[in-house]
Amino acid sequence: MAIHPPEQTIWWNERIERGELVWIGVAFLWGVIMFSMMVYWHIDGKQNLSNEAYRIDPGVFEQRTEEFTKKFTVREDKNTGYPVAKPPAGGDVYMLARLWEWWPMLELEKGQTYRLHLSSLDWQHGFSLQPTNINLQVHPGIMHVVTLTPTETGSFGVVCNEFCGLGHHQMVGRIYVVEAGKSQ
Ligand code: CUA
């Protein structure tokens, strides 16, 4: 009965039941399989990205993004009025997250490789590039650098997929991809 203390109180001296041992074995093996899947998806699954991450002061990131945007803005987006920055092919690209926007918008060329720098100025946001399966948690103080090469032209939405308050659902950015030498 549970109201009385058990006779054998030092439980780790008791023999482990066979069935329990089997379950410990199954759970351990499953853990090993799940761990191997992380490696497998990284190599073959086109999911877990090979990105880099660095510590950065949010003020410094804001300043770099503003300088980048000032230098490379080619037009205002016709729907939103946001600046659209078109950096030289192969260059560094900046996009920041803050309540509640991704800023600026970008125009990249198909087949060119860029280094996309992402960070947040306030709290946690989620970078989700539609309709691809690219998702990154974006935190203040941490800068992701993603090496990316667009393979298709078009207009790709960036939505925030970490709940970040009242304007979360309006936090939408955009990356335009155009043929090399062309403009949107
Ligand atoms: Cu930013 Cu949700």
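Which far-off residues, 5 or more places away or on another chain, put their amide H under 5 Å from the one on Ser120, with H placed in the peptide plane?
Here Ala97, His139, Gly141, Ile142 satisfy the definition.
Restricting attention to the range 119-184, which GluC sites (Glu not before Pro) occupy a DSSP loop and are surrounded by at most 15 other Cβ atoms within 10 Å?
Taking the range 119-184 and a limit of 15 other Cβ atoms within 10 Å, the loop GluC sites (Glu not before Pro) found are Glu152, Glu179.
Taking the Cα atoms only, what angle lies between the long axis of helix 18-44 and the longest principal axis of the chain, rounded to 10 degrees?
10
Under 5 Å between amide H atoms, partner at least 5 residues away or on a different chain: which partners does Glu109 have, H built in plane at 1.01 Å?
Answer set, sorted by chain and number: Val178.
Using helices alone, I'd like the mean residue ellipticity at 222 nm for the chain: each DSSP H run of four-plus residues gives -39500 (n - 2.57), total over residue count, nearest 500.
It lands at -8000 deg cm²/dmol.
Compute the long axis of helix 58-72 from its Cα atoms, compare it with the longest principal axis of the Cα atoms of the chain, and write down the angle in degrees, 0 to 90, nearest 10.
Around 30 degrees separate the two axes.
Under a point spin-label approximation (7 Å from Cα along Cα-to-Cβ), what is the Thr132-Val32 distance to one decimal in nm?
3.6
Between rounded, prolate and oblate, where does the range 52-178 land on the alpha carbon gyration tensor, with a ≥ b ≥ c its root eigenvalues, rounded for a/c under 1.5, else prolate if a/b exceeds b/c?
rounded
Sequence neighbours fewer than 8 away in the same chain don't count; with that in mind, list the aspartates and glutamates whose C-alpha is under 20 Å from Lys86.
Partners found: Glu62, Glu66, Glu67, Glu76, Asp77, Glu101, Glu107, Glu109, Glu152, Glu179.
By the gyration tensor of its Cα atoms, with a ≥ b ≥ c the square roots of the eigenvalues, what is the shape of the range 69-127: rounded for a/c under 1.5, prolate for a/b over b/c, or oblate?
oblate
Quote the FRET efficiency, to the nearest 0.05, computed for Ile56 versus Lys110 with a Förster distance R0 of 25 Å and r equal to the Cβ-Cβ distance.
The computed FRET efficiency comes out at 0.30.
Summing +1 for each Lys or Arg and -1 for each Asp or Glu, what net charge is found among the other residues whose Cβ lies under 14 Å from the Cβ of Met105?
Summing Lys/Arg as +1 and Asp/Glu as -1 gives 0.
Using amide H atoms built 1.01 Å from N in the peptide plane, name the residues 5+ places from Trp102, or on other chains, whose amide H lies under 5 Å from its own.
Val172, Gly173
Short version: ³J(HN,Hα) in whole Hz for each residue of the range 7-13, in order, from phi by Karplus 6.51 cos²θ - 1.76 cosθ + 1.60 (θ = phi - 60°), x for Gly and Pro, what are they?
Computed from phi, the couplings for the range 7-13 are 5, 9, 8, 8, 5, 6, 7 Hz.
Between Ile43 and Glu20, 0.36 nm times their residue separation minus their Cα-Cα distance comes to what?
Numbers: separation 23, 0.36 × 23 = 8.28 nm, distance 3.50 nm.
Separation in residues times 0.36 nm, less the Cα-Cα distance, equals 4.8 nm.
Go through the range 142-148 residue by residue and turn each phi into a ³J(HN,Hα) via Karplus (6.51, -1.76, 1.60, θ = phi - 60°); whole Hz please, and just put x for glycine and proline.
Values, residue by residue: 10, 10, 7, 10, 10, 8, 9 Hz.
Using label points projected 7 Å from each Cα along Cα→Cβ, tell me how many nm separate Thr147 and Leu99, to one decimal.
For Thr147 paired with Leu99, the spin-label model returns 3.7 nm.
FYI, it's all coordinate maths here, none of it is from the lab. Predicted, not measured: the structure shown is a model, and the values here were computed from it. With ideal geometry, Cβ positions are generated from the backbone for all residues, glycine too; neighbour counts draw on all protein chains shown.
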